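Visitor: Pasting in a structure now, in structure tokens, and then I'll have a few things to ask.
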Number of protein chains: 2
Amino acid sequence: MKLLMSILKEHKLKVTPQRLTMMKIIREKGHIDIDQLYVNLKNEFPAISLSTLYKNVGQFLDNEIIREIAIPNHKNKYEISFDEHPHFICSECGNVRDLKFGDEVSVKIQNLTGEIKNISLNIYGNCC
Amino acid sequence: MKLLMSILKEHKLKVTPQRLTMMKIIREKGHIDIDQLYVNLKNEFPAISLSTLYKNVGQFLDNEIIREIAIPNHKNKYEISFDEHPHFICSECGNVRDLKFGDEVSVKIQNLTGEIKNISLNIYGNCC
DNA sequence: CTCTGTGCAAAGCGTTTGCAAACGA
DNA sequence: TCGTTTGCAAACGCTTTGCACAGAG
């Protein structure tokens, strides 16, 4: 598993304890929204401000260190960018479960004009 | 093509000129965000208010008359619910092109625990 | 030492709410 | 007539911005 520190350095972002902890929490939780992230960070940094979170989340997204998951009727969640994978999202509670391309889910695309940068496949169901 | 009026009636929503025009514009434009919708509606209803749009869009979504397309770094767009289909979304300008399940794109799902309500497949590329 | 990052307070902006009047059934 | 919808204004809440100080390199 890649060191969080080196990920920041690769993108020429300064290594701060706040950033490292943000990344650690996102990686541990798998999928987390701003508010949950804030609560978790408060434990370690009681003085941390929401604007720091927003600024860093913005930079992480710009640098594709994390990826944004849009969930209808819920706040966006974030995950560490690793491999592309589909999500199973609960329409009720917004819970996200990772699926796998390959054995579980496969997508076949033919005759598509235009370069593909990224595929987002969300399957909505109910886990409640 | 189904009458817009009867769609509203099916959902026990009152038929108002504002609603009919909203649906007409969304159907014509294919994919449209709140602001573009507002501008278009202003032509026909100079006094229409944004809150009317928000209220109706909310109701259309609740009743699944329209569907929401989340586009990173752009405002959500809306389309009339018809068949499920994948979208090709330009990462730069947010433009949306409809694709087809079947010949163009197919998804195979195996061993997935949990009922599937809905599948959203967005392919990101560049049209600029 | 220099430049970036942090925290705070305030501003900004899209969206929602409350209410009276208008309208649809 | 009765319940719903509309438009307006105000409230709301999330996100962004400006700035001074702190911290990383």
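The values are calculated or read from the model by the stated rules, or taken from the named source; none is laboratory data. Everything numeric in this text was worked out from a predicted model, so none of it was measured. No Cβ is skipped: glycine too gets one built from the backbone with ideal geometry, and neighbour counts run over all protein chains shown.
Visitor: Return the residue satisfying two criteria in turn: it lies in segment A:14-37 and is outside any helix (DSSP H, G or I) and surrounded by fewer than 16 Cβ atoms within 10 Å (Cβ to Cβ), and of such residues it is farthest from DNA strand C (Cβ to nearest atom).
Guide: Looking at the filtered set, the residue picked out is A:Gly30.
Visitor: Kindly indicate whether B:Leu50 is in contact with a helix residue (DSSP H, G or I) (Cβ under 8 Å, 6 or more places away or on another chain) and without any contact (Cβ under 8 Å) to a residue 40 or more places away in the chain.
Guide: yes
Visitor: Go through segment B:52-75 and count every residue that is within 11 Å of DNA strand C (Cβ to nearest atom) and within 9 Å of the chain's Cα centre (by Cα).
Guide: 2
Visitor: Quick one: which residue in A:Ile80, A:Ile25, A:Ile34 is among the hydrophobic types (A, V, I, L, M, F, W, C), in contact (Cβ under 8 Å) with a residue 12 or more places away in the chain and farther than 27 Å from B:Lys77 by Cα?
Guide: Only one candidate qualifies: A:Ile25.
Visitor: On to the next question. Going by the conditions given, is B:Glu64 part of a strand (DSSP E or B) and modelled with pLDDT of 95 or more?
Guide: no
Visitor: Within segment B:114-128, can one find any residue that is more than 10 Å from chain A (Cβ to nearest Cβ) and either hydrophobic (A, V, I, L, M, F, W, C) or not in a strand (DSSP E or B) (or both)?
Guide: yes
Visitor: Quickly run through segment B:4-13 and pick out the residues that are in a helix (DSSP H, G or I) and either surrounded by 12 or more Cβ atoms within 10 Å (Cβ to Cβ) or among the charged types (D, E, K, R) (or both). Show your work before the answer.
Guide: Step one: list which residues in segment B:4-13 are in a helix (DSSP H, G or I), which gives B:4-10.
Scanning segment B:4-13 gives B:Leu4, B:Met5, B:Ile7, B:Leu8, B:Lys9, B:Glu10.
Visitor: Would you say B:Asn118 is under 13 Å from A:Asn122 (Cα atoms), loosely packed, with under 15 Cβ neighbours inside 10 Å and in contact (Cβ under 8 Å) with a residue 12 or more places away in the chain?
Guide: yes
Visitor: Out of all the residues in segment B:27-40, is one or more in contact with a Ser or Thr (Cβ under 6 Å, 6 or more places away or on another chain) and in the same structural domain as B:Glu68 (by TED's automatic domain parsing)? Let's see the steps before the verdict.
Guide: So the first thing to find is which residues in segment B:27-40 are in contact with a Ser or Thr (Cβ under 6 Å, 6 or more places away or on another chain), and the list is none.
Within segment B:27-40, none of the residues are in contact with a Ser or Thr (Cβ under 6 Å, 6 or more places away or on another chain) and in the same structural domain as B:Glu68 (by TED's automatic domain parsing).
Visitor: Also, quick follow-up: Exactly one of (1) within 16 Å of DNA strand C (Cβ to nearest atom); (2) farther than 23 Å from A:Pro72 by Cα; (3) not in a helix (DSSP H, G or I) is unmet by B:Asn111. Its number?
Guide: (1)
Visitor: For segment A:49-65, which positions are surrounded by fewer than 18 Cβ atoms within 10 Å (Cβ to Cβ) and out of contact with any strand residue (DSSP E or B) (no Cβ under 8 Å at 6 or more places or on another chain)?
Guide: Residues satisfying the conditions are A:Ser49, A:Leu50, A:Ser51, A:Thr52, A:Leu53, A:Tyr54, A:Lys55, A:Gly58, A:Gln59, A:Asp62, A:Asn63, A:Glu64.
Visitor: Counting only residues that are of a type in the set (Val, Ile, Thr) and away from DNA strand D (no atom under 12 Å from the Cβ), which one in segment A:22-47 is farthest from the other protein chains (Cβ to nearest Cβ)?
Guide: Once the filter is applied, the top-ranked residue is A:Val39.
Visitor: Another question, if that's okay. Let me spell it out: the conditions are (1) touching a strand residue (DSSP E or B) at 6+ places or on another chain (Cβ under 8 Å); (2) closer than 30 Å to A:Met5 by Cβ, and A:Tyr38 meets all of them except one. Which number is the exception?
Guide: Result: A:Tyr38 passes all but (1).
Visitor: Go through (1) in contact with a helix residue (DSSP H, G or I) (Cβ under 9 Å, 6 or more places away or on another chain); (2) not assigned by TED's automatic domain parsing to the domain that holds B:Leu37 for B:Pro72 and report which single condition fails.
Guide: (2)
Visitor: Restricting attention to segment B:76-113, and to residues there that are closer than 15 Å to A:Val105 by Cβ and surrounded by 12 or more Cβ atoms within 10 Å (Cβ to Cβ), which single residue is farthest from the other protein chains (Cβ to nearest Cβ)?
Guide: Ranking the qualifying residues of segment B:76-113, first place goes to B:Phe101.
Visitor: Residues of segment A:38-48 being surrounded by fewer than 16 Cβ atoms within 10 Å (Cβ to Cβ) and in contact with a Phe, Trp or Tyr (Cβ under 9 Å, 6 or more places away or on another chain), which ones?
Guide: none
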